[in-house]
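Nothing in this text is a laboratory measurement; each read-out follows from the coordinates by a stated rule. In this text, all values refer to a predicted model and were calculated from it rather than measured experimentally. Neighbour counts are summed over all protein chains in view; Cβ atoms, including those assigned to glycine, are modelled from backbone coordinates with ideal geometry.
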Amino acid sequence: MPKLTSLLFALTFLLLSCSDSNQQKLVVYSPHGKELLEDFAQRFETAYPGVKVEWLDMGAQDALDRVRSERANPQGDIWWGAPAPSFMQAAREGLLQPYRPSWAGAVDSAFHDPQDYWYGTWVTPEIIMYNNRALTAESAPQDWDEVLSGQWRDKIVLRDPLASGTMRAIFFAMIYRDYRLTGSTAAGFDWLRRLDANTKSYAANPTLLYLALSRGEAQFTLWNHPDVPLQSQTYGHPFSYVVPKSGVPLVPEGLAIIAGAPHLELAKTFYEFVTTPEAFIYAAQKYWRIPARMDLDFSQFPPETNPQQFPALPLDWKLYADSSETWMKYWDANIRNRGKKD
């Protein structure tokens, strides 16, 4: 009897080992947040039994840096989410695998790479997010320049921009307002210096940002629109938002297959899976994401995702891709935590 038990155990272990070895793994790098990533990973695993999606939630810049560092031995398959300039830079460096999705013709030419290295999935407005226990829709800043007022000294918390695509896009937009007229970054960096003077702290990750704002350690931040209803309605955070009067950065969020992806065909399948009309409608209804595709039935989308409520600031994404890294290094070396001293 003991021999039979041992034999059955060995056979069971062998079957489980074979099952594990046959399971395919897809690795996804993304800044889209654990809620959305876990949700879509489970949906994909349900649709494709035998597949395990391993997602790593990280800042957009961290994702780019990781893909760079793994160039000689790629570990990831899909890079899902980051401002378009991050993908432009990655394409120039040969870090992406070209892929033309089935819906390629439904996206504006500004929202994809001409050689199919990346495509835009969502368009993300950047706004002013505030603690609605401390401020009201009327008392919160109504435009970008209002956040520089002395009344907001130590009332602002910001996500550390070195790792955040959202903050890099906002900083770039503030510099570009004058740069496009004068060709000089001086006024833009002065704006960031005055913002730094009012900033109480820089949060190392989004979770710490939400905690600081919800606890009243600061009264508002500059952030992305989808996270406001997500955090308030899902977790009960006291967050509301203001759409700045002068306009907002509308940031195309990209999707790409990583060059040398270990599971290329599975990556293509995932690429198509998260960009179907049904997936876009689901993401809008549950995560307030605004789609880049223009061939969808927008009557099925919630009003919060109506792009007409977000007037766009003029931006040059090629300039962003070419200059953002240099500009952020200057900010880090010469402005961060120095505004109160100047």
Would you mind checking which residues have amide H under 5 Å from Lys155's amide H? H placed 1.01 Å from N; only 5 or more apart, or other chain.
Lys200
Two-site FRET efficiency, Ala187 against Arg153, from Cβ-Cβ distance with R₀ of 30 Å, rounded to 0.05
0.90
Mean-square fluctuation check for the chain, GNM, Cα pairs under 10 Å: which of Leu158, Leu181, Leu95 is largest?
Leu181
For the range 198-277 and the range 115-177, write down the distance between their C-alpha centroids in whole Å.
11 Å
Final fewest-first order of Met129, Met58 on the 10 Å Cβ neighbour count is Met58, Met129
Check: the range 218-342 dipole with +1 on Lys, Arg Cβ and -1 on Asp, Glu Cβ, in debye
600 debye
Antiparallel %, DSSP beta bridges [both residues in the chain], to 5:
60 percent
Pairwise Cα inverse-distance average, inverted: Kirkwood Rh of the range 63-131 (Å):
13.4 Å
Using the Cα centre of the range 43-157 as origin and beta-carbon charges of +1 (Lys, Arg) and -1 (Asp, Glu), tell me which of Pro114, Gly81, Ala47 is placed farthest towards the positive end of the dipole.
Ala47
Working from the alpha-carbon coordinates of the chain, get Rg over Rh, Rh being the Kirkwood radius.
1.03
Using +1 at the Cβ of each Lys and Arg and -1 at the Cβ of each Asp and Glu in the chain, identify which of Tyr210, Thr182, His32 lies farthest towards the dipole's positive end.
Tyr210
Put +1 on the Cβ of each Lys and Arg and -1 on the Cβ of each Asp and Glu in the range 225-326; which of Ser246, Ala321, Gln285 then has its Cα farthest toward the positive end of the dipole?
Ser246
Exceeding the 19 Å Cα-Cα cut-off - candidates Lys25/Lys268; Lys200/Lys340; Lys245/Lys340; Lys155/Lys245; Lys200/Lys341
Lys245/Lys340; Lys155/Lys245
Treating only the Cβ of Lys, Arg, Asp and Glu as charged (+1, +1, -1, -1), what charge dipole size does the range 86-240 show about its Cα centre? Round to the nearest 20 debye.
260 debye
Not counting the cut sites, what is the longest span of the chain without GluC sites (Glu not before Pro) that DSSP labels loop and that have at most 16 other Cβ atoms within 10 Å?
218-342
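Take the Cα pairs of the range 19-167, get the Kirkwood Rh, then feed it into Stokes-Einstein at 20 °C and 1.002 mPa s and tell me D in µm²/s.
D = 118 µm²/s.
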If you place +1 on the Cβ of every Lys and Arg and -1 on the Cβ of every Asp and Glu, how big does the dipole about the Cα centre of the range 253-299 come out, in debye to the nearest 20?
140 debye
